[in-house]
1. Would you check if there is a residue in the stretch B:235-243 being in a loop (DSSP other than H, G, I, E, B) and loosely packed, with under 13 Cβ neighbours inside 10 Å?
2. Mind telling me which of the residues B:75, B:61 ends up being surrounded by fewer than 18 Cβ atoms within 10 Å (Cβ to Cβ) and closer than 26 Å to residue A:255 by Cβ?
3. Does the stretch A:168-184 contain at least one residue that is farther than 30 Å from residue A:223 by Cβ and in contact with a strand residue (DSSP E or B) (Cβ under 8 Å, 6 or more places away or on another chain)?
4. If we keep just the residues of the stretch B:107-116 that are under 29 Å from the mean Cα position of the chain (by Cα) and surrounded by fewer than 18 Cβ atoms within 10 Å (Cβ to Cβ), which is modelled with the highest pLDDT?
5. Kindly establish whether residue A:129 is over 27 Å from residue B:252 (Cβ atoms), out of contact with any strand residue (DSSP E or B) (no Cβ under 8 Å at 6 or more places or on another chain) and surrounded by 15 or more Cβ atoms within 10 Å (Cβ to Cβ).
6. Please go through (1) under 13 Å from residue A:273 (Cα atoms); (2) at pLDDT 95 or above for residue B:10 and return the number of the only condition it doesn't satisfy.
7. Of these, B:260, B:191, B:272, which one is assigned by TED's automatic domain parsing to the domain that holds residue B:145 and at pLDDT below 95?
8. Give the residues of the stretch B:167-197 that are surrounded by fewer than 22 Cβ atoms within 10 Å (Cβ to Cβ) and part of a helix (DSSP H, G or I), sorted by residue number.
């Protein structure tokens, strides 16, 4: 089977083109694709260089590449579109319909979707990240300032979710790992009692948690079936006892855990893309 | 001026629809938009609920909303498209051209672009995040395992960039804050000397750094013009002395810093979207 190169071309980071393009390509099974990201294509030189790279891939593979573009500037797009490729324009395809709907012309300025907005937004993001770091894994405990406090057993996804909530949404997220003492007592530690309304519980299927813990500490008590099942069973009983909102993270990516927490808890995001 | 609601509808987190939609809407200045994200629209019920919310906004505002959709499943899209709105289909608009190009039918499966792929990818991501946490701010120092070590003065963007590199790309990124001792000596600390090829320097304009430090510690020596200028000047001299690759982060978002580092250093990403 022949391989085909898929280019993600952007005047910014290319993350949006990658994500949407990848989602589209996964609709085509049994095909082999080689992904290449060309970010920061923001000058005529770089646009011409992109054309050369695309044409080289076409020649080497004997199949024209697929190009997912989020280029904003007409003069750059007009160059890249001349490459020997299927050019899929994720941006300007929608500008026309929007201009007609809004009855106004677009500015065609270079996209700053991922650019630094203003100092306030930047500061929110950094403060949220520092908050997540300072209140990770039961440390800190500055729960009065938290938008949400994730609780759950070790390796259920609390830390990366808190960091993602901070970076993506500017949300102040702390996390608290349930200790064996907490689980045995079957109750929340005193310092969390005051903040019950901020708690959000994460759980996971025991087979999955065993896999994840085994990656970390093979053949340990920590990763044993018995220990994992005990911790999850008692943690879930505790969540039920306090009627905490909860999520099973077994099938979830970090993005999905974060988004589901915001969606079901009503926590306001402090940042927009 | 009348306000219009912009919906971002997705069967996943909605982040892609938000990012691309936001980038498109910033092309229209002087218009006021109210952003509403409807994530996890993955059932007929939820699709019908989305229609009700869109129609309610149309009625309340007297202007039909704009809908950016990344819905993958035909049967859900066919429901949402009936709402009283300008429906911009970021997904299926491109499926037809791809089917013709690849000469094959797409599977029309629900998008899993942000879903959990396999255990190996998940583990990479979590390990990279833990690595960033353990090797943040000069601690840890496990530089032999690092893909990159960011260096620079305090508040130049090192920590959030390392976390973003881990979460988005699975890259193992450590960071080291240049101390006053390092700056006075005008040389790298001994424990970094062995890893010069992994170093990537960040700098920033002094006015900007003053603003950022003032947010943190107003009227401190740390945030003073004199101190900030001294640190940046000596740090940049050190970067030049060692011929380190460097980036000015003044106008950059975290995403952009991360993407530029990967793009110019040749570090391989360990994850694809």
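The values are calculated or read from the model by the stated rules, or taken from the named source; none is laboratory data. Note that the structure is a prediction, hence the values are computed from the model and not measured. Please note: Cβ atoms are built from the backbone with ideal geometry, for glycine as well, and neighbour counts cover all protein chains shown.
1. Just the residues of the stretch B:235-243 that are in a loop (DSSP other than H, G, I, E, B), to begin with: B:242-243.
Now restrict to residues that are loosely packed, with under 13 Cβ neighbours inside 10 Å: B:243.
Looking for residues that are in a loop (DSSP other than H, G, I, E, B) and loosely packed, with under 13 Cβ neighbours inside 10 Å, one finds at least one in the stretch B:235-243, hence yes.
2. Working: B:61 fails: closer than 26 Å to residue A:255 by Cβ.
On inspection, the qualifying residue turns out to be B:75.
3. Scanning the stretch A:168-184, I find at least one residue that is farther than 30 Å from residue A:223 by Cβ and in contact with a strand residue (DSSP E or B) (Cβ under 8 Å, 6 or more places away or on another chain), so the answer is yes.
4. Of the stretch B:107-116, the ones under 29 Å from the mean Cα position of the chain (by Cα) are B:108-116.
Okay, now just the ones that are also surrounded by fewer than 18 Cβ atoms within 10 Å (Cβ to Cβ), so B:108-110, B:112, B:115.
Values: B:108: 70, B:109: 67, B:110: 60, B:112: 52, B:115: 46.
Step by step, filter the stretch B:107-116, then rank; the result is B:108.
5. Details: over 27 Å from residue B:252 (Cβ atoms): no; out of contact with any strand residue (DSSP E or B) (no Cβ under 8 Å at 6 or more places or on another chain): yes; surrounded by 15 or more Cβ atoms within 10 Å (Cβ to Cβ): yes.
The answer is no for residue A:129.
6. For residue B:10, the failing item is (1).
7. On the way: B:260 fails: at pLDDT below 95; B:272 fails: assigned by TED's automatic domain parsing to the domain that holds residue B:145.
Answer to the selection: B:191.
8. Passing the criteria: B:180, B:181, B:182, B:183, B:184, B:185, B:190, B:191, B:192, B:193, B:196, B:197.
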